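Each remark here refers to the structure printed beneath this line.
The values are calculated or read from the model by the stated rules, or taken from the named source; none is laboratory data. Note that this is a predicted model, so its numbers are computed, not measured. Here the Cβ positions follow ideal geometry from the backbone for every residue, glycine too, while neighbour counts run over all protein chains shown. Just so you know, the surface numbers come from the protein's heavy atoms only, side chains and all, with ligands and any DNA or RNA stripped out. Shrake-Rupley method; radii C 1.70, N 1.55, O 1.52, S 1.80 Å.
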Amino acid sequence: MGFSLFRRSRLDDPLQVGAQYRRIVSGSVMETAEVLTITTDSFHIPHVRFMVRNNLPEGSSAPDQRTLSAESFSRLFSERVVN
């Protein structure tokens, strides 16, 4: 039983570079993440490098670059943003 890069916890489509995903942090605070790269580390664990922005009622915060395992990213950012 291995990990598949294309398995999504709540979405049917695979993670894609350039795609945006979001999650509700609390109440009216939403985070939007844009996937920059998807890589595999030396232990063959896929990771997602992404730019995240907090969308607050009073405006958006400055973007912040982060990296998570693909599995963690999929659990946190389960909603794909459709433009």
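Could you list, in sequence order, all residues of the range 68-83 that are open to solvent by 80 Å² or more (accessible area, probe 1.4 Å) and either small (Gly, Ala, Ser) or farther than 10 Å from residue 22 by Cα (or both)? Hits for the range 68-83 are 71, 75, 82, 83.
Looking across 15, 36, 5, one residue alone is surrounded by fewer than 17 Cβ atoms within 10 Å (Cβ to Cβ) and at pLDDT below 95. It is 5.
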